[in-house]
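The values are calculated or read from the model by the stated rules, or taken from the named source; none is laboratory data. Since the model is a prediction, treat every value here as computed from it, not as a measurement. Note that each Cβ is placed from the backbone with ideal geometry, even for glycine, and that neighbours are counted across all protein chains shown. Side chains included, ligands, DNA and RNA excluded: accessible areas come from the protein's heavy atoms. Shrake-Rupley method; radii C 1.70, N 1.55, O 1.52, S 1.80 Å.
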Amino acid sequence: MKEISCKLLVIGAGPGGYVCAIRAGQLGVDTVIVEAGKPGGTCLNVGCIPSKALIHAAEEFEKIAHMASGKDPLGIKVAAPTLELAKTVAWKDGIVSRLNSGVAGLLKKAKVKTVQGWATFRDGKTVEVETETGTQVIRAETVVIATGSAPVELPFLPFGGQVISSTEALALGELPKKLAVVGGGYIGLELGMAFARMGAKVTVVEALPRVLAQYDAELTRPVLKRLGELGVEVMTGAKAKGLSTKGDALLVETADGKSAKIAADKILVTVGRKPLTEGWGLEQIDLDRVGKFIRIDDQCRSSMRGIFAIGDVTGEPMLAHRAMAQGEMVAEIVAGHKRSWDKRAIPAICFTDPELVTAGLSPEEAKALAGEIKIGQFPFAANGRAMTKQGEDGFVRVVARADNHLVLGIQAVGQGVSELAAAFGLALEMGARLEDIAGTIHAHPTQGEGFQEAALKALGHALHI
């Protein structure tokens, strides 16, 4: 097979890799991208996109079930719904397939050459790719490692059979009647709450004192309330120990040191993700690490000249939009542009019910950095649009310096608040002060008005509370 030479080689076609390759192609850089699976990586194929599709289906099912119960205040009466999960999954797969084709088309449009197969480093400039037709050798001036991450497996609960990762959870053919979720972080609660809304009996087992521990307790309170309404049992300070002898239950050590059995058809393990650094021949090149992650500087350069790394393989936050931003930046650096990793905030969203959004610093972080701060908080219970959407739980919170009112962080919890992430990120990136947000006319009636009202509250003159 003929050897390929290129200016830029991207290993991995996830959100970071494919964006890097597309942008490089747009800038006239001779680019090759290597991917063993389908384009789009974890996010598109077995993560962000399919999970949101499943969450949406769960929302719709629960709405109809609530209407059928006769307790819905809207006056809509319907028959009790049924769910064919296999059809739901097929619909999800259709969305993923369309997006796969879209990414492939964008790479082709940008004149990026795609090689299907598994890449292994020979040295810092050369990789071998095992393809269906043989071994392809690729030599490149610059290499970008964008290999992503994978679910962490517990040695006493290996994946297989009843024990599943998020990947298998998104492809189930039928709804488990009883689901045990090991890990109360955002992935476990997003999927656990979705299955609960579809009718599964869900139990969450979390070793820490509370679920969603990366968020402050006030922000997660509406989510905990909703978990109770859905009948989800939450066991905190509890440790999963393994499968029962029959394989039909999860063995748990409770917070008080007692043993317990949780009956379960499926056990979903969501205890974090690890960087994919094995099997790529990285032992052939000498890259500095931070723990298991590849160490990078503010331009995503590794410790080896000519090799960049982006996305999950470089550490937290493991977010697709972080990888995309890094990929775009690296492409422009390779093309000769002056760029660096200059960001004030990377918004993070938890698609639980209700949703959580954070951007910038939490109140505690802001206080540690700036000393005296101002906090403005506006409840959705006082927001007309939230009322009309039956989503009054939650609030928007703005955190700013007390001296010059520079906004340091913004948080929200509520129905549909994921769509406010753009406004939050923009305000922080542009260095907004409380007066800027308060003085911006927000359309009425929208939930976004809560953002303006929170800023007004911090200034001492909220209008609607």
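Remark on the chain: 6, 20, 300, 350 stand apart, with no other cysteine beta carbon under 4.7 Å.
How do the peptides 438-444, 394-400 rank, highest first, by the average count of neighbouring beta carbon atoms within 10 Å per residue?
Numbers: 438-444: 13.1, 394-400: 27.0.
Listed from highest to lowest mean packing, they are 394-400, 438-444.
Here the spin labels are modelled as points 7 Å beyond Cα on the Cα-Cβ line, and at residue 316 and residue 246 they lie 3.9 nm apart. In region 56-155, the portion of solvent-accessible area held by carbon and sulfur atoms comes to 57 percent [1.4 Å probe, whole percent, DNA, RNA and ligands not counted]. State whether region 348-458 is rounded, prolate or oblate according to the following rule on the C-alpha gyration tensor (a ≥ b ≥ c being the square roots of its eigenvalues): a/c under 1.5 gives rounded; otherwise a/b larger than b/c gives prolate, and the remaining case gives oblate. Since a/c reaches 1.5 and a/b is larger than b/c, the shape of region 348-458 is classed as prolate. Rounded if a/c is under 1.5, else prolate if a/b beats b/c, else oblate: with a ≥ b ≥ c from the C-alpha gyration tensor eigenvalues square-rooted, which is the chain? Cα axes put the chain in the oblate bin. Using the Cβ of residue 229 as centre and a radius below 11 Å, the other residues enclosed give a net charge of 0, where K and R count +1 and D and E count -1.
For the chain, the relative contact order works out to 15 percent when only alpha carbon pairs closer than 8 Å and six or more residues apart are counted. Report note on the peptides 157-165, 327-335: ranked by the mean count of other C-beta atoms within 10 Å, highest first, their order is 327-335, 157-165.
How large is the Kirkwood hydrodynamic radius of region 193-266, in angstrom, based on all distinct alpha carbon pairs? Write down the numbers at each step before the final one.
Details: mean 1/r = 0.0755 Å⁻¹.
Result for region 193-266 stands at 13.2 Å.
Quick one: length gained pulling residue 210 to residue 225 fully straight, 0.36 nm per residue minus the C-alpha distance? Let's see the in-between values first.
Values: separation 15, 0.36 × 15 = 5.40 nm, distance 1.33 nm.
Extra length available between residue 210 and residue 225 comes to 4.1 nm.
Report, to the nearest whole %, how much of the accessible area of region 163-271 belongs to carbon and sulfur atoms, 1.4 Å probe, protein only. The computed percentage sits at 52. Within the shell of other residues whose beta carbon sits under 12 angstrom from the beta carbon of residue 333, the net charge comes to 0, with Lys and Arg scored +1 and Asp and Glu -1.
Of all aspartates and glutamates in the structure, the ones whose alpha carbon falls short of 17 Å from that of residue 389, not counting any fewer than 8 places away in one chain, are 59, 60, 62, 72, 353, 355, 419, 449. Extension gain, residue 444 to residue 403: 0.36 nm times the residue separation minus the Cα-Cα distance gives 11.7 nm. The distance linking region 314-377 with region 130-154 is 27 Å (Cα centroid to Cα centroid, whole angstrom).
Tell me the net charge near residue 55. Cut-off is 14 Å between Cβ atoms, residue 55 excluded, with +1 for each Lys or Arg and -1 for each Asp or Glu. Please report the intermediate quantities before stating the final value.
On the way: positive: 52, 63, 92, 197, 226; negative: 59, 60, 62, 190, 353, 355.
Summing Lys and Arg as +1 and Asp and Glu as -1 gives -1.
Solvent-accessible area per residue in the chain equals 47 Å², computed with a 1.4 angstrom probe and all protein chains kept. According to the square roots a ≥ b ≥ c of the eigenvalues of the Cα gyration tensor, what is the shape class of region 245-318, taking rounded for a/c under 1.5, prolate for a/b larger than b/c otherwise, and oblate for the remainder? Prolate shape, in that a/c is at least 1.5 and a/b is the bigger ratio. Here region 327-449 has 51 percent of its accessible surface on carbon and sulfur atoms, given a 1.4 Å probe and all protein chains in place.
The peptide list 7-13, 185-191, put in order of mean Cβ contacts within 10 Å with the highest first, becomes 7-13, 185-191.
Of all the Cα-Cα pairs you can form in region 209-341, what percent are over 17 Å apart? Each step should come with its number before you reach the end.
Values: 6341 of 8778 pairs.
Of all Cα-Cα pairs in region 209-341, 72 percent lie more than 17 Å apart.
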